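The values are calculated or read from the model by the stated rules, or taken from the named source; none is laboratory data. What you see is a predicted model, and the numbers here were worked out from it, not measured in a lab. Cβ atoms come from the backbone with ideal geometry, glycine included; neighbour counts cover every protein chain shown.
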Amino acid sequence: MGAVMPCCKLEHITHLAHRLLSELHCDFVIIWGDANDINRNEFNTGPRHIRKYALRNKHTYVIATIAPHRYDLQDSSCVNKEIKVYNRKLHKMLKDMHHVSIIDMNLTRN
């Protein structure tokens, strides 16, 4: 089962995942969504929503993805700096949870 929600924040994605999957017994859930949280200077809330979802669903293995580097912007841009902060916060908030993994997608421009 898959759900795509363009232009949504992580709050809405995790809410939908909880609502849809509370009735099912899933092996794992992949949560990939963070660009809108970072673009709106709300990079602190994204990791909190994933942690909150993982705490409510301890029976399901949660796979979260880091925010990818924006190659269309300079390395020194404020968005790329916020992406680095977001990814650090994500790792920090989820490191103590054994049923959560973080996929570090090292996407190169090539």
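Figures for the structure shown
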| read-out | value |
| --- | --- |
| Residue in the range 66-85 that is at pLDDT 85 or above, closer than 19 Å to M5 by Cα and in contact with a strand residue (DSSP E or B) (Cβ under 7 Å, 6 or more places away or on another chain) present | yes |
| Within the range 60-107, considering residues that are in contact with a His (Cβ under 9 Å, 6 or more places away or on another chain) and of a type in the set (V, I, T), the one farthest from P47 (Cα to Cα) | T60 |
| So H59, is it farther than 18 Å from M105 by Cβ, surrounded by fewer than 16 Cβ atoms within 10 Å (Cβ to Cβ) and at pLDDT 75 or above | yes |
| Any hit, the range 56-78, residues being closer than 19 Å to H18 by Cα, assigned to a helix (DSSP H, G or I) and without any contact (Cβ under 8 Å) to a residue 60 or more places away in the chain | yes |
| Qualifying positions in the range 1-49 - buried (at least 20 other Cβ atoms within 10 Å of the Cβ), at pLDDT below 75 and either out of contact with any Asp or Glu (no Cβ under 7 Å at 6 or more places or on another chain) or assigned to a helix (DSSP H, G or I) (or both) | G33, D34, D37 |
